[in-house]
Amino acid sequence: MRKKYWIFGAFILLAILQIAVSASRIRKWEDVLRTGTQLRLRTRPVDPYDAFRGRYMALDFEEEIVSAKLGPDLKWGDEVYALLREDEEGFARIEKLVKVRPTQGGYLRVKVSYLGYSDKKIHLQFPFQRFYLEEAIAPAAEQAYRTSNSEDEKDAYVTVRIKDGYGVLEGLFIGGKPIVEFLRDEEAKGEGG
C-alpha cells in the first residue's frame with residue numbers, strides 16, 4: 001500500500017514540476033514582450049514553395065547575413081550575441097557579433113548557421129522564424145507578404161521585443177500597417193474598385 005502512495009506522490013510532484021517549468025517559460029517571454037525594447041527588422045523574400053506551412057509564415061531577415069568583419073573567429077554552430085543599433089530609417093542593424101554576453105545595450109542571442117568563406121559573409125539564425133496567423137487570413141497574408149517582399153517593393157518588416165538577449169516577435173507589417181489592417185484595406189479597395 002505504501003508503494004502505491006509513493007508512486008502517486010511522485011506523479012503529483014512530476015506534474016507540478018512540469019507546470020512550474022512551463023509557467024516560468026511563459027512568464028519569461030511575456031516579460032520580454034511587456035518590458036523589452038522594440039526593434040524593427042526588415043524581412044526579405046523567401047522560397048515561395050516553403051514560405052507557408054499550415055497557419056504560420058516562414059520569415060527570413062536581411063540582417064541574418066552580415067559581413068565576416070562583424071564577428072571574426074566565429075565557427076559554425078557558435079551561439080553569439082548580436083549587438084544591435086537603429087539605422088536612420090529606424091530599422092535594427094547588427095553592429096558587432098560577440099561571444100561574451102554584453103552587460104548593457106540592445107543585443108540578441110543568435111546562432112551561426114553558415115560561414116561563407118568565398119563571399120566573406122556570416123549567416124545567422126535568429127531565434128524567431130515563424131509568424132503565426134489565423135487560418136482564415138493566412139492565404140491572403142502569404143500572398144501579400146510575397147508581393148511586398150519582391151525585389152521592387154521590400155515593404156515588409158516585423159517588430160520584435162528584445163531583453164537580455166531574448167527576442168519575441170510582436171507584429172508583421174506591410175506598407176507600414178499591421179498585416180490584418182493591411183489585408184482589410186486591400187479587401188476594401190477590391191470591393192470599392
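Coordinate-derived values only; no laboratory data. Just so you know, these numbers come straight off a predicted model, no measurement behind them. Ideal geometry is used to build each Cβ from the backbone, glycine not excepted, and the neighbour counts take in all protein chains shown.
Observations on the model:
- The trypsin sites (Lys or Arg not before Pro) of the range 105-187 that meet both conditions, a loop assignment by DSSP and at most 16 other Cβ atoms within 10 Å of the site Cβ, are K120, K154.
- Stretch gain in nm, segment K111-Q129, where the contour uses 0.36 nm per residue and the Cα spacing is subtracted: 5.2 nm
- Fewest-first ranking of F11, F173, F128, using other Cβ atoms within 10 Å as the exposure measure: F11, F128, F173
- Equivalent ellipsoid semi-axes, the range 87-129, via Cα gyration tensor eigenvalues times 5, rooted, Å: 20, 15, 12
- Extending 7 Å from Cα along the Cβ direction at K69 and again at D185 yields two label points whose distance is 3.8 nm.
- With a simple spin-label model that places each label point 7 Å from the Cα along the Cα-to-Cβ direction, the separation between K121 and A15 comes to 5.2 nm.
- Order of W6, W29 - criterion: other Cβ atoms within 10 Å of each residue's Cβ, fewest first: W6, W29
- Debye log10 I(q)/I(0) for the range 122-172, one point scatterer per Cα, at q = 0.19, 0.24, 0.26 Å⁻¹: -0.81, -1.05, -1.10
- Compactness relative to 2.2 N^0.38 Å, alpha carbon Rg of the range 83-164: 1.35
- The fraction of Cα-Cα pairs per 10 angstrom bin, counted from 0 for the chain, comes to 8, 28, 30, 18, 9, 5, 2, 0 percent, rounded to whole percents.
- Degrees, to the nearest 10: 138-148 long Cα axis against longest axis of the chain: 50 degrees
- Per-pair calculated FRET efficiency, R0 = 45 Å: E30 and K3 via Cβ, rounded to 0.05: 0.65
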